[in-house]
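For reference, the structure is listed below as C-alpha cells.
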Amino acid sequence: MPKRPNDYTSRGWQVACTTLLVLLVISFIPPITLGGVELRRASIISDLIDHNAGEEASQTQLAELPEIDVKEFEVDLIEVAQKVAETTATASPMGEATSASWEGIFDEQPSGGDYAANNAQMPAMDSIPLADYSDILPTDSLIISIEEFYEGEGDSPMSQLYEKLLAGKSNVRVAFMGDSFVEGDILTADLRELMQDSFHGLGVGFVPVASPFTGFRQTIKTQSSGWTPYNIMQLKNVPAPYSNDFFVSGWVAQASEGASTRWDMTERRRHLQECRRVRLLFISREESVVSIKLNDGEERTFSFDGDEVVRQIVIEEPSIRSLEMKVIRGAKGFTAIGAEFDDKQGVSIDNLSIRSNNGQAMFRSNPSVNAQINTMRQYDLVVMQYGLNIMQAERTNYSLYAEQVEKMIRYVRSCFPEAAVLVMGVSDRSQKNEQGITPMLSAIDLTEWQRTAARNCGAAFWNTYEAMQRKGGMKEFVNQNWAGKDYTHINYAGGREIARELYYAFLQGAQNYSRAWREKVERQQPIITEPLEGINPLHNDSITLENPLRDSLTHTVVNTEQNAAQ
Amino acid sequence: MIDISFDTLLARVQELLQYDPQAPLIFNSGLFLFLFVGFSSIYLLLRRTTTLRILYVILFSIYFYYKSSGIYFLLLVFVAVTDFLIGHAIVSSGKDKRRKKRLVALSVAINLGMLGYFKYTNFLIDISNQLFGAGFLDFQNIFLPVGISFFVFQSMSYTIDIYRGEIKPLERWIDYMFYLSFFPQLVAGPIVRARDFIPQIRRPLMVTERMFGTGIGFIIIGLVKKAIISDYISLNFVDRIFDEPALYSGFECLMGIYGYALQIYCDFSGYSDMAIGIALLLGFRFPKNFDAPYKSATITEFWRRWHISLSSWLRDYLYISLGGNRKGTLRTYLNLLITMVLGGLWHGAAIRFVLWGALHGVALALHKMWLAICPWAKKSGEEMNIVLRLGGWLFTFNVVCLGWLLFRAEDMQTVEVMLYQIFHNFNSGIIPQFVEGYKAVVALIVLGYGMHFLPAKIDSDLQKKVGGASLWWQVALLVITAWCVMQIKSSDIQPFIYFQF
C-alpha cells in the first residue's frame, strides 16, 4: 500500500536510527579544544566503554600552569624567628599591664595568661594511667593512625600531647588551621565534642568578633554590629595598620564607636551550653574603654592605654552562657582579633579556617601577634588541614607546594614552639566527566607530597583521604548527604564522620603512648600500683573508658622479675 | 585505544539492562535511545495488527517499569485487574446507586491504600513518634515504586468517570493495561485521563506531519530544559545555596530561589515534554501539561498553567467531590485549602510539601475572595491592562517563589536563614562578581527564562518548521541537542565561589 504523503509514522524510527548512528560515530571523536574551549568526548556508549582506559593523562599542558603562587605569600623565616624572639623577650607572660581580668588587673592575680598553669609541675610520670579505649576503638586495622616522623631525642611532641591529655590536669589547646573544608566549625565541632567527652573541657574555643560567616557557625551564636571585618586573603584591601594585626585566624575587625558583639552559647554539641572562661583578644592603639556584660546581668568596664601590643580581657566565672562586649571609647584604634571560650582544664579546639587558603595565608599573619597570643594561650597542637586549594585534576607533582608545607611547619614552630604539628593530608574529592562522577586521583599524589613534607620536618601526619575512602569516598559522602554537590566540601554530617576517625587516631595514639610508657617504667623500676584515684581524666561515667589499673593491678605489686616470669 | 573483549561487553550490556533502582530508564539517557530504536522498529512492523501491537507495547512498558522498580511491576498489573473488574461491576450494578457508590469507594480505597502504604507509612510513623515520643513506632523499610502516584491517579480517573457515567468500561483487559502502563507517561506523567486516552487505543496508527513536528519539538525542548538547564543549574548552583544558605549573601540566596523556580519547572515540564513528544511519535496525543506558568499574573492563572494534568485532576476528582463551590463561600475556601494541602502532600511525604500546598490553598482562597470583593479584579493576566498585569505578574511570581522556598528547603531553619539573608544581608555589590563567577549558570538561567517568556506563537511556528524540515535537518537538531546534553553531563563541576570577604 503506497504511503500517504502526510504519514510520518515511520519517520520517528528513521530519525531515531540515524541520530543513534551519528552519535555512535561522534562517540569516537576524542576531546578537542576549539578556540580555547575544551570540548569533552560526547560518548553515547560511555556506560559500556571507558574511552580513557589506558590513556596517560597529558602532563604537557599542566607543566605550563603554575603549581603555586609563592611570591604572593613570601615570608622570611629568619625574620619571623627574630620577631618572635623579640616579642617573647619583651612580652610579659603574665600579661601585666596588657591584660585585665573580670576580677581585676592581672598583676594582682598573676594567673592571667595560662603561662603559669602550663608551666606548673606536670603530673609525676608514674601517674599516667594505662589507657584502654578498647570499648570505643574499632580494631587497629580499621583505624587510620597518626603517623609520626619525629627523630629527635626524648619524647616526641605528639607524645607530650598524649601525656598531657592522659594526665588531665591542665588545658590541652589545639589550633585547627584549615580552609573552607572546615569553615563554620565543620569537623572541629564533632572532634571537639568527642575529645571533650573523653578528656574534659568546655566551650567552642576561638571565634572571630565579626565576619560575614558568623551566621553560618552553628556552635555559637554571634551577633555583631559596628565592625568592619578584614580577611587575610584580601590583604590588599586591608588598610594599615590593621593589615599588620592578623593572628593565624585570618580575620580582624576594626571597630566604629559603639561597636558591639554578643555571643550566646548553644546546645548544638555537648559541652557548649556554658563555659567557664572567656578571653577577648584585641589591640588598642588609643586609649579605649570596653564594657562587658555577662549572662545578661552584671556589666563592667575596662580601660586601656594606647599601645601596639595584643591585649586580653579574661573572664572567669563558674557558668558563662552569654557575653556582650562593646567598645565605648577609642574605637578608631581598636582592632578585635577574636574571643576564646573554654574551661580552665580539658581540651579546647580552635577552628581557625580561612576559605580559599592553601595554608600560605599564615605567612601574612604577624609573627609577633601570634607569639603574644601564644604566651596567653599556649598551643599544644597545631593541626594543618590544607590542600584543596592547590589540587588540580591531572597534576601529580606537588613538589613546590610540599616545600611550602615544610615552610608552614617551620613557621608554626617559630610562633608556637611548644606545639606538636599534625599535617592532615588533602581530603578526597570527585570530578565529573563522561563516566559520571569519578574520583580525583591527584588527591593520592598530593597526600604523598604532604606526607613527605611532614616526614622531612619530623612532624606528624594523618591521611584524610584514606579515612574518607574507608567510608566509600566522596561520591558516597554526597550520596549519604554528608557532602555538597561540588563533590569537594563536606557538611556537618560529613565532618562528624571524619572527626570520629581522627578522634580514634588520637585515642589510639594516647593508648599506645600509655602502654609504651608503662612498659618503659616497668623495665626501669618496680612500681607499686594503688588505685589511682583522681588521676584518671575520664570521669564521665557515660563513656566507658576504664583505667585497667583499677581492675587488674590494684592489689598487685608488679616488678620486673614477675613480668619476666609471666 | 579501546581494548575490551566481547564477553566483557556482553556482561556490561546485561548489567545495564537489569533492574537497578539507582539507574531508572530515563528518556535523556543513551540507553533509552538504543532501546527506543529497537522498540520502534518492531512497533512499526506491528502497526496494522492492533492487538499484537498493544500486547507488545504492554510488554515493553512492563520492562520499562521493571528496570527501575523490579518486581513491583506486579502492582501495576494488580491495579489494572482490580479497577478493570470494578469498572465492569459498576456498570452491571444498573440503577443500584448504593452498590455503585460502594464499588467506586472500593476502587478509591485500593488505590489510595496502596499509595498510602508505599508513600506515607513512614511519614505517619514519624508524626506519631513526634506526638508520642521517639521509638513509639519503628520505621519500616518500604520501597517506593516509581510512578505510583501517577498511575494510581490515572486508574482512579477511570473508575470515577464510569461511576459518574462519563465513560463506558473497556471491553478488553489488555486495553486497560495498555492505558495504565503506556511507558511514555508511566513514571512521571502527565496524568492522562482514561476518557482522553481510551478513544485513541484502537484507532489506526497514524502520525501526521504536525504530530511528528510537535513531537520532535517537544523532545528537543524537553532535553534542553531537563538535561541541560535543570541538571546544570541544580548541581552547580541551586543545591549548594539551599544546602548552606548562611554561607551566601541575600542576593545569592534570592538567585538560588529564582534558580530553583526555573530548575523545578525545567525538570518537571522538560520530562513531561519528552513524554508527550515520544507519545506523539508513537501516534498518541497527551494533553498539555505546562503552559508557561511563570507568565501568570494571578495565582489562579498559575494553577491553570502549572502541571495542568494534576491540577485539573484535583479539581475534577477532589475539589468537586468535596462539594467544590456548591456549598457556600466558606466551604469553597475550605475545599480549596483541603485540595491544595492534599495536592501538596501528593508531591512527597513531608511537612514541607504540606506547607507548600497550604500556601497555595490560602493564596487561591484569598484571590477568590479578592475577585468577589473587587469588581475590577481579574482572573488572569490577559484580561488586565499592562500595568496591572506587570504588577500582578511580579507579585504572583514572588508568591510562587516563596512557595518553592518552602517546597525545597530541608527544614524551617533553612527557610528562616534564606529570608534573613535576603532581607538583612542582600549585598547587591557582589552582582558583577556573581555574573562573572557563574557565567554558565547565569547564561542558562537567562536562556531558561528567555525561552519561557517567548510568545506561544513562536513556539508553535518553530514546531511547524521542525515538522516540515527534511530528515537530515531533524537528525542534525537532535544530534546537536544530544551532544550539548553530553557536554553538560560530563562538564566540570563548578567550584564553590565565595564572593563575601
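For region B:43-59, taking the residues that are touching a residue at least 40 places away in the same chain (Cβ under 8 Å) and part of a helix (DSSP H, G or I), the one that is nearest to the other protein chains (Cβ to nearest Cβ) is identified as B:43. Among the residues of region A:230-248, those that are assigned to a loop (DSSP other than H, G, I, E, B) and either more than 12 Å from residue A:354 (Cα to Cα) or within 14 Å of another protein chain (Cβ to nearest Cβ) (or both) comprise A:238, A:239, A:240, A:241, A:245, A:246. One residue stands out among those in region A:277-296 that are touching an Asp or Glu at 6+ places or on another chain (Cβ under 6 Å) and buried (at least 19 other Cβ atoms within 10 Å of the Cβ): the one that is farthest from residue A:209 (Cα to Cα), which is A:277. If you go through region B:133-154 one residue at a time, do you hit one that is more than 26 Å from the chain's Cα centre (by Cα) and either among the basic types (Lys, Arg) or assigned to a helix (DSSP H, G or I) (or both)? No, region B:133-154 contains no residue that is more than 26 Å from the chain's Cα centre (by Cα) and either among the basic types (Lys, Arg) or assigned to a helix (DSSP H, G or I) (or both). Being crowded, with 17+ Cβ neighbours inside 10 Å and over 25 Å from the mean Cα position of the chain (by Cα) is the requirement here; does residue B:486 meet it? No: the conditions fail for residue B:486.
Please determine, by comparing only the residues of region A:229-269 that are charged (D, E, K, R) and more than 19 Å from the chain's Cα centre (by Cα), which one is surrounded by the most Cβ atoms within 10 Å (Cβ to Cβ).
Taking region A:229-269 as the starting set, the residues that turn out to be charged (D, E, K, R) are A:236, A:245, A:257, A:262, A:264, A:267-269.
Those left that are additionally more than 19 Å from the chain's Cα centre (by Cα): A:236, A:245, A:257, A:262, A:264, A:267.
Details: A:236: 7, A:245: 24, A:257: 12, A:262: 16, A:264: 13, A:267: 8.
Of everything passing the filter in region A:229-269, A:245 is surrounded by the most Cβ atoms within 10 Å (Cβ to Cβ).
Of the strands (runs of 3 or more DSSP E) lying entirely inside region A:422-507, those containing at least 1 residues that are surrounded by fewer than 24 Cβ atoms within 10 Å (Cβ to Cβ) and modelled with pLDDT under 95 span A:430-433, A:436-439. Applying the criterion of at least 3 residues that are modelled with pLDDT under 85 to the helices (runs of 4 or more DSSP H) found wholly in region A:1-102 leaves A:60-64, A:77-90.
Of the residues B:419, B:394, B:406, which single one is more than 14 Å from chain A (Cβ to nearest Cβ) and surrounded by 12 or more Cβ atoms within 10 Å (Cβ to Cβ)? If you could, list the steps in order and put the result at the bottom.
Details: B:419 fails: more than 14 Å from chain A (Cβ to nearest Cβ); B:394 fails: surrounded by 12 or more Cβ atoms within 10 Å (Cβ to Cβ).
Being more than 14 Å from chain A (Cβ to nearest Cβ) and surrounded by 12 or more Cβ atoms within 10 Å (Cβ to Cβ) holds for just one of B:419, B:394, B:406, which is B:406.
Among the residues of region B:157-169, are any under 30 Å from residue B:100 (Cα atoms) and under 18 Å from the mean Cα position of the chain (by Cα)? Yes, region B:157-169 contains at least one residue that is under 30 Å from residue B:100 (Cα atoms) and under 18 Å from the mean Cα position of the chain (by Cα).
In region B:282-300, the qualifying residues are those that are away from chain A (no Cβ under 14 Å) and more than 18 Å from the chain's Cα centre (by Cα), and the one that is surrounded by the fewest Cβ atoms within 10 Å (Cβ to Cβ) is B:300. Of all the numbered requirements in (1) at the interface with chain A (Cβ under 10 Å from one of its Cβ atoms); (2) in contact with a helix residue (DSSP H, G or I) (Cβ under 9 Å, 6 or more places away or on another chain); (3) surrounded by fewer than 18 Cβ atoms within 10 Å (Cβ to Cβ); (4) not in a loop (DSSP other than H, G, I, E, B), residue B:481 misses one, and that requirement is (3). Tell me yes or no: at least one residue of region B:119-128 is over 29 Å from residue B:288 (Cβ atoms) and assigned to a loop (DSSP other than H, G, I, E, B). Checked against the condition, which is being over 29 Å from residue B:288 (Cβ atoms) and assigned to a loop (DSSP other than H, G, I, E, B), region B:119-128 yields no hits at all.
For region B:200-217, the candidate set comprises residues that are more than 12 Å from chain A (Cβ to nearest Cβ) and modelled with pLDDT under 90; within that set, the residue that is surrounded by the most Cβ atoms within 10 Å (Cβ to Cβ) is B:217. The lone criterion from (1) in contact with a Gly (Cβ under 7 Å, 6 or more places away or on another chain); (2) under 25 Å from residue B:226 (Cα atoms) left unmet by residue B:426 is number (2). Taking first residues from region A:485-498 that are at the interface with chain B (Cβ under 9 Å from one of its Cβ atoms) and partners that are of a type in the set (Lys, Arg), the Cβ contacts under 8 Å between residues at least 6 apart in sequence or on separate chains come to A:485/B:240; A:486/B:240; A:487/A:429; A:487/A:432; A:487/A:475; A:488/A:429. You will find that of B:223, B:262, the residue that is in contact (Cβ under 8 Å) with a residue 40 or more places away in the chain, in a helix (DSSP H, G or I) and under 18 Å from residue A:16 (Cα atoms) is B:223 and no other.
What tally of residues in region A:249-277 results from selecting those that are under 19 Å from residue A:369 (Cα atoms) and part of a strand (DSSP E or B)?
As a first pass, look at region A:249-277 and keep what is under 19 Å from residue A:369 (Cα atoms): A:249-255.
Next, only the ones that are part of a strand (DSSP E or B) stay: A:251-255.
Of the residues in that region, 5 qualify.
You will find that of A:221, A:164, the residue that is of a type in the set (Lys, Arg), buried (at least 19 other Cβ atoms within 10 Å of the Cβ) and at pLDDT below 95 is A:164 and no other. Would you mind stating whether residue B:228 is aliphatic (A, V, I, L, M), assigned to a helix (DSSP H, G or I), surrounded by fewer than 23 Cβ atoms within 10 Å (Cβ to Cβ) and within 14 Å of chain A (Cβ to nearest Cβ)? Yes. Against the condition away from every other protein chain (no Cβ under 12 Å), free of Cβ contacts under 8 Å to residues at least 40 places away in the same chain and charged (D, E, K, R), how does residue B:436 come out, does it pass? So residue B:436 passes the test.
The values are calculated or read from the model by the stated rules, or taken from the named source; none is laboratory data. All figures in this text were calculated on a predicted structure; none of them were measured in a lab. Here Cβ is always computed from backbone atoms with ideal geometry, including for glycine, and neighbour counts include all displayed protein chains.
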